[in-house]
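> Shown below is the structure under consideration.
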């Protein structure tokens, strides 16, 4: 039997609430810190070597080539270490750390940042891209980036971009992560009729050997999915952006709510060694740290 516990908390942004769901075995999610002061934060990436989070900030317009996007550096305690570490971006979103480089999706190009230098070191345009969104890396160092509005996923390999997959099942391809031999994709959903009439998406798996695209779990809509991370148990954790929820899904199963967050919960990061989940809340330009006890 499951139960729901509501907790109230007061922070600098005012009174808010979080609904925490637990089931057998019990899972507990608890907010441990909250940091304001960003500018349209969309994604969080953990750098285990440096012991910091990178936070992408889109600026005023997530689709504009206006140069006001930047990357911030945040400690594991949620405190901002460097507000504008790398600037000169347009509207950076998903990120991945590979071999001393930070890769971020920036509307129609994948940008490479030299971490040691704190500077942009390369840029990889994606032909006819509409909205490059999330980024992840495979164990072989290949970089994958989703293009939400073209239902596709691209790959950077050997300095060249190529199309990995384009399929109706990648309906609003958004969050990316690698589980085993598959690239797992969280679909935002079908926004072709406008975001006010969006049809929620689900989770899809791309076999990295065959490129076959199949459902990861239940094909029933799970939400307007954004961030996705392995849960350490063969399944995935996801954020439902518009629904403001943290979800978990096992292969072949249905998505289940783990915690109630806030609308605008974007591309989260999960650090298993710290039992820490970090979620950017884009509309309030806030970063929230959650402890997750499984």
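The values are calculated or read from the model by the stated rules, or taken from the named source; none is laboratory data. Not measured: the values here are computed from a predicted model. We place every Cβ from the backbone using ideal geometry, glycine too, and count neighbours over all the protein chains shown.
> If you go through region 151-164 one residue at a time, how many are more than 17 Å from residue 210 (Cα to Cα) and either part of a strand (DSSP E or B) or out of contact with any strand residue (DSSP E or B) (no Cβ under 7 Å at 6 or more places or on another chain) (or both)?
Qualifying residue count for the region: 5.
> Are there any pairs with C-beta distances below 6 angstrom linking a residue in region 204-224 that is closer than 9 Å to residue 184 by Cα to a residue that is at pLDDT 95 or above and surrounded by fewer than 16 Cβ atoms within 10 Å (Cβ to Cβ), with the two at least 6 apart or on different chains, and if so which?
Pairs found: 205/214.
> Which one of the conditions (1) in a loop (DSSP other than H, G, I, E, B); (2) in contact (Cβ under 8 Å) with a residue 24 or more places away in the chain; (3) farther than 26 Å from residue 51 by Cα does residue 257 fail to meet, given that it meets all the rest?
Against the list (1) in a loop (DSSP other than H, G, I, E, B); (2) in contact (Cβ under 8 Å) with a residue 24 or more places away in the chain; (3) farther than 26 Å from residue 51 by Cα, residue 257 comes up short only on (1).
> Tell me the residue from 64, 91, 96 that is out of contact with any helix residue (DSSP H, G or I) (no Cβ under 7 Å at 6 or more places or on another chain) and either within 27 Å of residue 214 (Cβ to Cβ) or at pLDDT below 95 (or both), please.
Matching residue, one of 64, 91, 96: 96.
> Moving to a separate point now. Could you check region 165-236 for strands (runs of 3 or more DSSP E) lying wholly inside it with 3 or more residues that are within 22 Å of residue 270 (Cβ to Cβ)?
173-179, 182-187, 203-207, 225-230
> Can you spot a residue in region 203-218 that is under 12 Å from residue 148 (Cβ atoms), in contact with a strand residue (DSSP E or B) (Cβ under 7 Å, 6 or more places away or on another chain) and surrounded by 13 or more Cβ atoms within 10 Å (Cβ to Cβ)?
First, pick out the residues of region 203-218 that are under 12 Å from residue 148 (Cβ atoms): none.
Scanning region 203-218, I find no residue that is under 12 Å from residue 148 (Cβ atoms), in contact with a strand residue (DSSP E or B) (Cβ under 7 Å, 6 or more places away or on another chain) and surrounded by 13 or more Cβ atoms within 10 Å (Cβ to Cβ), so the answer is no.
One line per residue, one yes/no per condition, for (1) within 30 Å of residue 102 (Cα to Cα); (2) touching a strand residue (DSSP E or B) at 6+ places or on another chain (Cβ under 6 Å); (3) modelled with pLDDT of 95 or more:
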| residue | (1), (2), (3) |
| --- | --- |
| 14 | no, no, no |
| 18 | no, yes, no |
| 40 | yes, yes, yes |
| 70 | yes, yes, yes |
| 84 | yes, yes, yes |
| 87 | yes, yes, yes |
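> Still on this structure, I have one more. Which residues, taken from region 119-139, are under 15 Å from residue 56 (Cβ atoms) and out of contact with any strand residue (DSSP E or B) (no Cβ under 6 Å at 6 or more places or on another chain)?
131
> Something else: Step by step: first the residues of region 276-285, then only those that are in contact with a strand residue (DSSP E or B) (Cβ under 8 Å, 6 or more places away or on another chain) and surrounded by fewer than 21 Cβ atoms within 10 Å (Cβ to Cβ), then the one that is farthest from residue 230 (Cα to Cα). Which residue is that?
Within region 276-285, the match that is farthest from residue 230 (Cα to Cα) is 285.
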